[in-house]
Amino acid sequence: MAHRKALALAALALIASPLVFAASAFAADVAAGKTYFRQTCMVCHSAEPTDDGGAQGPTLYGLIGRPAGKGDKKFGYTKAIKASPIVWDAAALEKFLTNPPALIQGTAMVEVVAQKRDRDNLIAYFTSLPKEP
Ligand code: HEC
């Protein structure tokens, strides 16, 4: 019995160690996400009230947990995004930023974030922001 337990633990360690390695090697970086946002997204979006972002896109205050196409009451969203049932979480943002029209056909948001690392950093940045600005 003890032998079997030891085997199971050894197997677990084998499975877990590469995962731990992967998580530490590719940990998302909030500061890098903020820099990416400022360089690429801020021309159209504001994520924090103090960032002086553009108004060509909706504000992204408290984005995580917001339903798509409804969060900025003053913004004229497309019908396509207004009709979407999506609620913004990490998984939905990962898909959207990879290819926005592939997730929401007809959206006016067309900025593609090609690198997984940049998407992870952006999502970490959004996750770090307060629910209410
Ligand atoms: C050229 C302007 C422009 C740029 C640059 C841009 N966006 Fe957008 N974005 C928009 C517009 C316009 C919409 C509204 C889409 C619609 O109404 O279909 C939008 C919508 C969004 C939404 C959905 C918001 C909601 O309330 O549902 C997210 C999330 C988003 N953009 C993230 C980003 C990120 C992250 C970047 C930078 C990588 C970025 N955008 C760059 C114009 C832009």
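Taken together, the values in this text are just the output of simple stated rules run on the coordinates, not laboratory data. If you're wondering where the values come from, they're calculated on a predicted model, not measured in any experiment. Every residue, glycine as well, gets a Cβ built from its backbone with ideal geometry; the counts of neighbours run over all protein chains shown.
Taking the Cβ of GLY57 as the center, what net charge do the other residues with Cβ under 10 Å away carry, scoring Lys and Arg +1 and Asp and Glu -1?
In short, -2.
Would you kindly state how much longer the chain becomes between ALA90 and GLN39 on full extension, computed as 0.36 nm times their sequence separation minus their alpha carbon distance, in nm to one decimal? Spell out each step's value before the answer.
Details: separation 51, 0.36 × 51 = 18.36 nm, distance 2.09 nm.
Fully extending the segment from ALA90 to GLN39 adds 16.3 nm.
Run the simple label-point estimate for LYS70 and GLU132 please: 7 Å along Cα→C-beta, distance reported in nm.
That separation, rounded to one decimal, is 1.9 nm.
Starting from segment 30-94, pick out the trypsin sites (Lys or Arg not before Pro) whose DSSP state is loop and whose Cβ has at most 11 other Cβ atoms within 10 Å.
Here the trypsin sites (Lys or Arg not before Pro) that fit, given the DSSP loop and packing criteria, are LYS73, LYS74.
Which residues in segment 33-63 have a backbone N closer than 12 Å to a point placed 7 Å from the Cα of ALA114 along the Cα-to-Cβ line?
none
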